[in-house]
Amino acid sequence: MATSIGSFFRRSLRRSGRREGKEEASAAENNPSRVLPGKPGERSSVFYSAGQFFFEYLVVVSLKMSDGCYKPKITYQFPKRENLLKGQKEEEERLLQAIPLFCFPDGNNWAPVTEFPSETFSFVLTDVDGSRKIGYCRRLLPSGRGARLPEVFCIISCLGCFGLFSKILDEVEKRRQISMAVIYPFMQGLRESPFPAPGKTVTIKSFIPESGTELIELTRPVDAHLEHVEFQALLQRLSPHLILHIFASAVLERRLIFLAEELSVLSQCIHAVAALLYPFTWAHTYIPVVPECLLATVCCPTPFMVGIQMRHLEQVLDQPMEEALIVDLCEGKILRAVGDEEEILPIKLQNEMLTSLNRHNNNNNIHTSEQVNTLVSEAFVQFFVRMVGHYASHIKWSKNGSGTFQERAFCKAIASKTNRKFVKKFVKTNMFSLFIEEAEKSRIPQEAYFQQKITQYHEQKKHRRDS
C-alpha cells in the first residue's frame, strides 16, 4: 500500500509551469510513474474567500496491529459521503488512503504508553491540478486507564488559517475527553457555518453534557495573507542571517530540506518559509512532514521543500541526492549548502532585510504573533516591491483584453546592475511565471495587499522627490 501511495504522491506533488519545457518532459520520460498536471501553470493558493465550508472531512486515525506492528488506520470519518460519481469516489479513496501516512509519518515503532503530550501539526496534499488540501492534526492520548496508543484527529480543508483551526482542534480535544459522541454535533454545526470574511467572527453553538450550551467564537484575522503562518516559530530557531540564506534558496526554487524531531516545529517552520515568498507561491514539491516511506523524495531532481524528522538524518544523507540546502532546526544551523547563498540577493537589500529582522530580535515591545508576522512580512514584501513592483507597467494589453508581459523591457527598466542581475534569474522561476500568467488575465491586480504596498512605495518616492 505504501508503494502505491508513494507513487501517487510523487506524481501529484509536482506541478508544471510554462518555463519548465524540455526539462519537465525529460523528467517525465525518465520517471514513467510521474504524471504532469492537467492544468499547467495554474496557481494554487491557500487564500479563499468567505462563505466556503470550513472543512471537507474530520477523520480519526488510530494505530491498529497488523503483521506484527502497529499501522495507522482511519477509524472515524465525518461526513460519510454517499452517491458519489465514479471519479469523485476514486479521488476520495486516494485521499483517505493517504491521510493515515501523514498523521503518523514517524513509522511503525509504536507501543502503548501512559503519558503522551498532545501535539499540533499540519500537512499539505497537492492534487494533480495544483489544488491543495491542508490536513490540520492534533495527536493525543485518549482518556482512559493504563497504557494506550495515541490517536490523531485530522481536519481536511482547502482553507489556510492555522490559528483558527488550532482553536477548532482545542474544542475537538476537549470533547474527546468526554466522549466521541460529543464531537459530532460540534463539527456538524461548524460544517453548516460559512467561513467568515477577514476580521469577522462566526459563532458556533455546541451542547456539552453537564456544562450546557456553549457559544464558541471563531474570528478570522484582519490581514488574510498572514492567517496561515507563524513567523515566530522560524525566528526562535534560526538567526536572521540564516533565514535570508534560506529565503535566497527558496526564491531561486532550489531543493530545501528541514530537519527537526517535533512534527509541529517542522510544519510551522516550513509554512513560514513558504510564506516569505508572498506574493509568490512555491510551485513545486511541498511536504512539511515527509512520511518515513517517502524519504526517497529527497532524490527528486526538481525543486522541493520538505520537512524530515531528525531521526532519519543518516538515512537522508545516504540518499543519492543532488545539491540541496539542509537546515537543522534543532541546532539552528545549516548542515549542507550550495555555497553561493550569500551572493544571491542584492547586498544592499539583503542588509536592509537583515536590519529589519534584527530589529525584531532587539525589540522588547513586540509581543503578539500578529505583530511579529506583520514586521517580518513587511521586510520581505518590500524586497519584492522594490525588485519587481514595476511589473504591471510592462504588461502590454491588446484590444481583446489579453495581456502580454514584456520581459526584456521589464528587466531593462531596473537601474541597479546588481538588482537587474538578480531579477534576470528570478523571472525564469516557476513562481514568477505563474504570477505573471495570472496578471496577464486581468487589469485588476491579483494580490490586493501587494499592490497596495507598491502604490505606497511609489507615493513615498514621489514625496521624497518633491520635498
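The values are calculated or read from the model by the stated rules, or taken from the named source; none is laboratory data. Predicted model only: the values in this text are computed from it and were never measured. Don't worry about glycine lacking a Cβ; one is built from the backbone with ideal geometry, like all the others, and counts go over all protein chains shown. Note: accessible area is taken over every heavy atom of the protein model, side chains too, but ligands, DNA and RNA are not part of it. Shrake-Rupley method; radii C 1.70, N 1.55, O 1.52, S 1.80 Å.
For region 354-423 and region 269-321, what is the separation of their C-alpha centers, rounded to whole Å?
Using only Cα atoms, the two centres lie 25 Å from each other.
In degrees between 0 and 90, to the nearest 10, how far off the longest principal axis of the chain does helix 263-275 point, with axes built from Cα atoms?
30
Using the crude model of +1 on Lys and Arg Cβ and -1 on Asp and Glu Cβ, and no other charge, please compute the dipole size for the chain relative to its Cα centre, in debye to 20.
Values: 58 positive and 52 negative charges, 305 e Å.
With only Lys, Arg, Asp and Glu charged at Cβ, the dipole is about 1460 debye.
Could you list, in their original order, any pairs among Lys348/Lys417; Lys80/Lys174; Lys167/Lys200; Lys348/Lys421; Lys174/Lys205; Lys399/Lys441 whose Cα atoms are separated by more than 18 Å?
Working: Lys348/Lys417 12 Å; Lys80/Lys174 23 Å; Lys167/Lys200 15 Å; Lys348/Lys421 13 Å; Lys174/Lys205 15 Å; Lys399/Lys441 13 Å.
Beyond 18 Å between Cα atoms: Lys80/Lys174.
Give the accessible surface of region 226-466 per residue, rounded to a whole number of Å², with probe radius 1.4 Å and ligands, DNA and RNA excluded. Don't jump to the answer; show the numbers that get you there.
Values: 10740 Å² over 241 residues.
About 45 Å² of surface per residue is accessible.
If you place +1 on the Cβ of every Lys and Arg, -1 on the Cβ of every Asp and Glu, and leave all else neutral, what size is the dipole of region 82-219 about its Cα centre, to the nearest 20 Debye?
Taking the Cα centre of region 82-219 as origin, the dipole is about 140 debye.
Using mean Cβ contacts within 10 Å as the protection proxy, how do 330-337, 190-197, 369-376 order, highest first?
Details: 330-337: 13.9, 190-197: 16.0, 369-376: 17.8.
For the peptides 330-337, 190-197, 369-376, the packing ranking is 369-376, 190-197, 330-337.
Using the Cα centre of the chain as origin and beta-carbon charges of +1 (Lys, Arg) and -1 (Asp, Glu), tell me which of Leu244, Gln77, Pro291 is placed farthest towards the positive end of the dipole.
Checked the options; the winner is Leu244.
Lys and Arg at +1, Asp and Glu at -1: add these up for the other residues within a Cβ distance under 14 Å of Asn400 and post the number.
Working: positive: Lys396, Lys399, Lys441, Arg443; negative: Glu440.
After counting each charged neighbour, the total is +3.
Within region 103-145, which residues have the backbone N less than 18 Å from the label spot 7 Å out from Glu314 along Cα→beta-carbon, could you tell me?
Zone members listed by number: 107-109.
Just the number, please: carbon plus sulfur as a percent of the accessible area of the chain, 1.4 Å probe, no ligands or DNA/RNA counted.
On the way: 10710 of 21580 Å².
Ligands and nucleic acids excluded, carbon and sulfur reach 50 percent.
When a/c reaches 1.5 or more, the comparison of a/b and b/c decides; with that in mind, is region 57-222 rounded, prolate or oblate per its Cα gyration tensor? Don't skip to the answer; put the middle values down first.
Values: a/c = 1.69, a/b = 1.13, b/c = 1.50.
Verdict is oblate for region 57-222.
So in region 226-466, what percent of DSSP beta bridges are antiparallel if you round to the nearest 5? Walk me through the numbers on the way to the answer.
Numbers: 6 of 19 bridges.
Expressed as a percentage, antiparallel bridges in region 226-466 total about 30.
Along the positive direction of the dipole of the chain (beta-carbon charges: Lys, Arg +1; Asp, Glu -1; about the Cα centre), which of Val427, Ile216, Val327 reaches farthest?
Val427
About the Cα centre, and with charges only on the beta carbon of Lys, Arg (+1) and Asp, Glu (-1), how big is the dipole of region 226-466? Nearest 20 debye, please.
Numbers: 26 positive and 26 negative charges, 328 e Å.
With only Lys, Arg, Asp and Glu charged at Cβ, the dipole is about 1580 debye.
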